[in-house]
Every structure is written in C-alpha cells, then in structure tokens.
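The values are calculated or read from the model by the stated rules, or taken from the named source; none is laboratory data. Computed from a predicted model, the values in this text were never measured in an experiment. Every residue, glycine among them, receives a Cβ derived from its backbone with ideal geometry; neighbour counts consider all protein chains shown.
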Amino acid sequence: MIKFGTDGWRAVIGEDFTFHNVRVVSQAVADYLKKEIKKPKKVIIGYDTRFLSKEFALASGLTLAGNGIKVDISKESIPTPVVSFNARYSGYDLGIMITASHNPYKFNGVKIKTKDGGAADKSLTDRIEKFLYRSKPKTISLREAEKKGILKVKDFTLNYKEFLKSFFDIKRISKLRFKILIDLMYGAGNSFTQEVISSSSLAIDYLHKEFNPSFGGIHPEPVENNLKELIKRVKKEDYNLGVALDGDGDRIALVDSKGNFINAQLILPLLAIHMIKNRREVGGIGKTVVGSNLIDEVALSLGVNCFETPVGFKFISNLFKENLICIGGEEAGGIGFKGYIPERDGTASFLMVLEMIAYEGKSLDSLIKELRKRYGRWYYTRVSVSLGKLAKSMEKLKIPSKLLGKRVERVNRLDGIKLITKDSWLMFRKSGTEPIVRIYAEAKTKKERDELIKLGTRLIHAL
C-alpha cells in the first residue's frame with residue numbers, strides 16, 4: 001500500500017517500492033499538479049545513493065514528462081536540501097526526492113517538497129494520495145523526452161553552494177585552525193562544506209565517502225551506536241571536531257575532541273543562542289514534542305517563545321512559513337534557519353556550528369561546558385522496540401500515576417503519549433516510517449533516565 005507517513009512514502013525495495021509504484025505515485029503527482037495548479041511549469045527531481053535511486057528518479061521523471069510536465073533531474077546523487085533549495089529559488093512547482101533518509105538499505109522512498117522549499121505537510125500529501133490509481137501511469141522514453149526538451153539533466157549544486165557562501169560568515173570561519181573528520185555514512189552529503197570554505201585553513205578528512213548502497217551494514221542515521229568508527233578516530237587521531245551527516249544529508253550529529261557524542265538536544269540550543277545573540281535574528285525556537293527540556297529553558301532565558309510541534313520537520317517548516325521562529329529542529333538532528341529554506345540541512349547546520357565557534361572564539365567542548373554550567377545537565381535518550389506481535393493501538397497503554405515515585409503531572413498527547421513529571425518525562429510514539437515504537441526519556445540524572453527507559457519498555461511489552 002502506498003501511504004505517505006511522517007516524511008514521505010517509504011517501502012522495501014522490490015516489495016512495495018517498485019518501478020510500477022514509483023510511476024503510480026508520480027502519476028498521482030502529475031494529476032494533482034494539472035488539476036490544482038492548472039498550468040504547471042516544471043518539477044525538480046533529485047536522488048540519493050541508495051540502490052537504484054537514480055533509476056527510480058528517471059522513472060518518476062519520465063512519468064511526469066509523459067503527462068506534459070517539464071522535469072529537471074539531477075545529474076548525480078545530491079542531498080535532499082539541494083532539492084528543497086532549488087524548489088524555492090529556481091521556480092519549480094514541486095520537488096521530488098528519491099530517498100529513504102536514515103532507513104535501512106533495503107528501503108527507498110519518495111519525499112515531496114513544496115515550491116517554497118518546505119516539506120509537504122499532510123494536507124498536501126493527502127491531496128496527492130487521492131489521485132493514486134485514478135489513472136494509468138503515462139510514460140515516454142528518455143529519447144523522446146529529451147527530443148521534446150521536456151526533460152533535462154542538470155547540476156543543482158552550483159547555486160546551492162553560492163548561497164551558502166553568502167549566508168554564512170565564511171571570512172570569519174576561514175580563520176579557524178581546526179582538524180575535522182566528517183562521516184558521510186556512505187550517503188549523499190558530499191564535500192560541500194569544504195567547497196564552500198575552500199580558502200580556509202580548516203583541515204577536513206572524510207569517512208565513508210565512497211559509494212556503498214548497503215551503507216556498510218548500518219543504518220545511515222547519525223546516532224551514537226552507528227558512529228563508533230568516527231568516535232574512535234576523533235579520539236585517536238586528535239581531531240578537534242567530528243561531524244556526521246545522515247543518508248540524504250539533511251541531519252547532523254557531532255563528536256567533540258574527547259570523542260563524546262553530541263546530539264541535537266545540545267546542538268539546537270547552542271545554535272539558538274548563536275542565532276539570537278550573534279546574528280541578531282528575531283523569532284522564537286521551534287522543537288518537536290520529543291525535544292529536550294533544555295531547549296525550553298534556553299528559549300526562556302533568551303526571552304523568546306518556544307513552539308512545540310508533533311514529530312516531523314514539516315511541522316517545523318510551517319513555523320518558518322508563519323515567520324514565528326528563527327531556528328527550529330527535531331530530535332533526530334534536522335535543523336533549519338530563518339532566511340534560508342523552511343527545511344533542515346545538515347551541511348548548513350555544520351557551517352552554522354563553525355560560524356558559532358568562530359564568533360565565540362571557543363571550542364565546541366568549552367561551549368557545551370558553559371551551556372551545562374548555566375542550565376544544568378539533562379540526560380536524554382531514545383530506544384526503538386519492534387512492533388512484532390505487539391498491539392497496534394497505543395490507546396491500550398496503561399498510564400501510570402507515577403514515574404519512579406514521581407507524580408505524573410501532565411500527559412501530553414500531541415503526538416504519541418508523553419508522561420511528564422516535575423523534572424523528567426517518558427514518551428511513547430509509533431514511528432511514521434518504520435514498524436517500531438520509539439521510547440524517549442529525559443531526566444536530570446543518567447540513572448533515572450535509564451530506569452525510565454526500562455519502565456517504558458516494560459509498559460510497551462505489557463500491551
């Protein structure tokens with residue numbers, strides 16, 4: 001079944017993700033464009049480094065072309081933000097990205113991007129879904145499409161890199177004397193950072209830059225368990241900073257000089273301070289319901305609003321479109337910025353980290369130490385439990401009145417079930433892209449956090 005979830009439609013290659021189904025989705029997109037935009041101009045299509053992504057992208061493009069819609073396809077694998085950027089600034093009616101983001105290698109997927117560069121929200125994907133199977137996919141040959149000039153292969157990275165050069169203080173960044181190791185996780189992240197700051201004295205090395213559609217046997221998701229080699233090399237080879245980008249290059253994680261994994265729960269508040277303090281940006285901070293309490297505390301101290309959304313960057317995108325925030329991020333490492341695109345971008349996030357370090361004149365290690373000294377330390381984690389034979393309805397979850405002896409003061413059902421005490425919380429949420437339940441916990445001590453996860457796991461297995 002073709003169904004758009006938290007961030008697009010994803011399925012197992014060869015099972016539901018087939019060339020036929022990609023054409024079915026593309027025909028639905030074509031029908032939507034012809035009916036609701038009347039005279040669609042053109043669509044941009046990009047693809048990542050997954051198995052057959054390029055071929056799936058071409059199948060999608062030829063279906064759109066078969067419907068008389070002009071299509072520009074990337075000449076090579078590119079990060080999702082490049083599609084979003086070009087959709088916004090190069091006059092496209094819609095963007096299509098062939099990717100399954102952080103999912104295991106056997107998955108592929110389709111992300112839809114709006115003409116303003118944001119993630120398609122549910123109202124848009126619902127409208128596209130209504131056109132599924134209404135008409136038989138119309139397709140033409142590549143030769144015919146090129147002969148008619150209706151399909152073109154282009155390089156979308158040039159104007160993307162030029163914009164990044166103008167958006168960040170490259171002159172200031174270039175003065176940094178850092179040794180950095182970037183883990184591309186065999187994804188589409190490429191070497192954009194190095195190209196943007198080519199005159200810098202930064203020394204940049206890469207991990208897993210080669211093409212490997214099996215992703216070395218791990219999920220291309222920048223979480224601590226998948227970055228063991230990056231952590232080991234940063235410590236052993238005296239790098240100042242380690243960086244990881246996910247499979248389609250829109251999310252980020254960091255490793256400090258001592259080999260400590262730094263997730264978005266720290267990156268987002270640090271960058272929020274930089275945006276408001278150093279860049280003098282106006283606006284609040286956006287986070288999802290599973291984001292750290294630290295983000296709320298930073299927003300309070302900065303005197304700005306903290307907006308909480310359901311999981312999925314498309315909700316953060318809407319906050320940007322409404323001009324409510326200057327920075328927004330999700331727990332998984334996707335961060336976006338005012339004045340750019342209403343979408344997450346791993347490369348842009350990394351450049352913002354470098355700009356922050358350059359402005360402050362302090363290492364990432366020192367900035368994190370100062371942050372924790374001022375706001376205290378929060379211990380955050382997330383685990384995944386396979387659905388298997390578990391009940392599919394979270395409504396059967398038994399809600400305890402206390403968490404480890406602390407009274408549950410509030411239950412948040414914005415997206416999943418979040419149990420909140422005075423200084424800790426435990427949350428359950430079914431994934432929108434995988435057959436799993438995610439359990440989140442945060443507390444003021446590591447021991448309490450781990451006990452909350454154990455409790456949460458027991459509650460899920462009791463369903």
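Within the bounds of the stretch 343-362, is there any residue that is surrounded by fewer than 24 Cβ atoms within 10 Å (Cβ to Cβ), within 25 Å of ILE78 (Cβ to Cβ) and of a type in the set (Asp, Glu)?
Yes, some residue in the stretch 343-362 is surrounded by fewer than 24 Cβ atoms within 10 Å (Cβ to Cβ), within 25 Å of ILE78 (Cβ to Cβ) and of a type in the set (Asp, Glu).
Could you say whether any residue in the stretch 283-297 is over 25 Å from ASP423 (Cβ atoms), hydroxyl-bearing (Ser, Thr, Tyr) and at pLDDT 95 or above?
no
Take the stretch 304-350 and flag every residue that is in contact (Cβ under 8 Å) with a residue 40 or more places away in the chain, part of a helix (DSSP H, G or I) and farther than 21 Å from LYS418 by Cα.
SER317, ASN318, PHE320, LYS321, GLY346, THR347, ALA348, SER349, PHE350
Test each condition in (1) more than 30 Å from PHE4 (Cα to Cα); (2) of a type in the set (Ser, Thr, Tyr); (3) surrounded by fewer than 19 Cβ atoms within 10 Å (Cβ to Cβ) for SER141 and report the one that comes out false.
For SER141, the failing item is (1).
Looking at the stretch 137-164, which of its residues are among the β-branched types (Val, Ile, Thr), within 29 Å of ALA348 (Cβ to Cβ) and touching a strand residue (DSSP E or B) at 6+ places or on another chain (Cβ under 7 Å)? Full working, then the answer.
Within the stretch 137-164, the subset among the β-branched types (Val, Ile, Thr) is 139-140, 150, 153, 157.
Subset that is within 29 Å of ALA348 (Cβ to Cβ): 153, 157.
Of everything in the stretch 137-164, just one residue is among the β-branched types (Val, Ile, Thr), within 29 Å of ALA348 (Cβ to Cβ) and touching a strand residue (DSSP E or B) at 6+ places or on another chain (Cβ under 7 Å), namely VAL153.
Sort out which residues of the stretch 257-297 are among the aliphatic types (A, V, I, L, M) and in contact with a Lys or Arg (Cβ under 9 Å, 6 or more places away or on another chain), and write them in order of number.
First pass over the stretch 257-297, keeping only residues among the aliphatic types (A, V, I, L, M): 262, 264, 266-268, 270-273, 275-276, 282, 285, 289-290, 294-295.
The answer is ALA264, LEU266, LEU268, MET275, VAL282, VAL289, VAL290, LEU294, ILE295.
Tell me, yes or no, whether the stretch 356-371 has at least one residue that is in a strand (DSSP E or B) and touching a strand residue (DSSP E or B) at 6+ places or on another chain (Cβ under 8 Å). Reasoning before the result, please.
Of all residues in the stretch 356-371, those in a strand (DSSP E or B) come to none.
There is no residue in the stretch 356-371 that is in a strand (DSSP E or B) and touching a strand residue (DSSP E or B) at 6+ places or on another chain (Cβ under 8 Å).
Take the stretch 283-342 and flag every residue that is closer than 19 Å to PRO81 by Cβ, of a type outside the set (Phe, Trp, Tyr) and out of contact with any helix residue (DSSP H, G or I) (no Cβ under 8 Å at 6 or more places or on another chain). Walk me through how you get there before you give the answer.
Start the filter on the stretch 283-342 by keeping residues that are closer than 19 Å to PRO81 by Cβ, which leaves 286, 288, 312-321, 325-342.
Next cut, of a type outside the set (Phe, Trp, Tyr) only: 286, 288, 312, 314, 316-319, 321, 325-336, 338-339, 341-342.
Within the stretch 283-342, GLY312, ILE316, SER317, ASN318, LEU319, LYS321 qualify.
Can you pull out every residue in the stretch 372-383 that is surrounded by 14 or more Cβ atoms within 10 Å (Cβ to Cβ) and assigned to a helix (DSSP H, G or I)?
TYR375, the sole residue that qualifies.
Do you know which residues across the stretch 218-253 are of a type in the set (D, E, K, R), in contact (Cβ under 8 Å) with a residue 60 or more places away in the chain and not in a loop (DSSP other than H, G, I, E, B)? Full working, then the answer.
Of all residues in the stretch 218-253, those of a type in the set (D, E, K, R) come to 221, 224, 228-229, 232-233, 235-238, 246, 248, 250-251.
Cutting the leftovers down to in contact (Cβ under 8 Å) with a residue 60 or more places away in the chain gives us 221, 246, 248, 250-251.
The answer is none; no residue qualifies.
For the stretch 12-70, name all the residues that are in contact (Cβ under 8 Å) with a residue 40 or more places away in the chain, part of a loop (DSSP other than H, G, I, E, B) and over 19 Å from GLY247 (Cβ atoms).
Listed by number, the residues that qualify are ILE37, PRO40, LYS41, ASN67, GLY68, ILE69.
Condition test on ALA119, is it in contact with a Ser or Thr (Cβ under 6 Å, 6 or more places away or on another chain) and outside the structural domain of PRO220 (by TED's automatic domain parsing)? So that I can check it myself, show each step before the final result.
Details: in contact with a Ser or Thr (Cβ under 6 Å, 6 or more places away or on another chain): yes; outside the structural domain of PRO220 (by TED's automatic domain parsing): yes.
For ALA119, the condition - in contact with a Ser or Thr (Cβ under 6 Å, 6 or more places away or on another chain) and outside the structural domain of PRO220 (by TED's automatic domain parsing) - is met.
(1) of a type outside the set (Phe, Trp, Tyr); (2) part of a helix (DSSP H, G or I); (3) out of contact with any Leu (no Cβ under 6 Å at 6 or more places or on another chain): which one isn't true of ALA145, the others all being true?
In the conditions (1) of a type outside the set (Phe, Trp, Tyr); (2) part of a helix (DSSP H, G or I); (3) out of contact with any Leu (no Cβ under 6 Å at 6 or more places or on another chain), ALA145 misses (3) alone.
Being in the same structural domain as ALA253 (by TED's automatic domain parsing), in contact with a strand residue (DSSP E or B) (Cβ under 8 Å, 6 or more places away or on another chain) and among the β-branched types (Val, Ile, Thr) is true for just one of ILE182, ILE197. Which residue is that?
Unique residue meeting the criteria: ILE182.
If I ask for residues that are surrounded by fewer than 20 Cβ atoms within 10 Å (Cβ to Cβ) and of a type in the set (S, T, N, Q), which ones from the stretch 225-253 would you list?
Scanning the stretch 225-253 gives ASN225, ASN240.
Please pick out the residue among ILE44, ILE78, ILE73, ILE37 that is at negative phi and modelled with pLDDT under 95. Give the steps one after another, and end with the answer.
Values: ILE44 fails: modelled with pLDDT under 95; ILE78 fails: modelled with pLDDT under 95; ILE73 fails: modelled with pLDDT under 95.
Of ILE44, ILE78, ILE73, ILE37, the one residue that is at negative phi and modelled with pLDDT under 95 is ILE37.
Okay, residues lined up against (1) surrounded by 14 or more Cβ atoms within 10 Å (Cβ to Cβ); (2) over 27 Å from the mean Cα position of the chain (by Cα); (3) of a type outside the set (Val, Ile, Thr):
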residue	(1), (2), (3)
SER135	no, yes, yes
VAL153	yes, no, no
PHE168	yes, no, yes
PHE178	yes, no, yes
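Within the set of pairs 6 or more residues apart or between chains, which connect a residue that is over 10 Å from TYR160 (Cα atoms) inside the stretch 74-88 to a residue that is part of a helix (DSSP H, G or I) and of a type in the set (Val, Ile, Thr) with Cβ atoms less than 8 Å apart?
Here the result reads SER74/VAL82; SER74/VAL83; ILE78/THR157; PRO79/THR347, each pair linking the stretch 74-88 to a residue that is part of a helix (DSSP H, G or I) and of a type in the set (Val, Ile, Thr).
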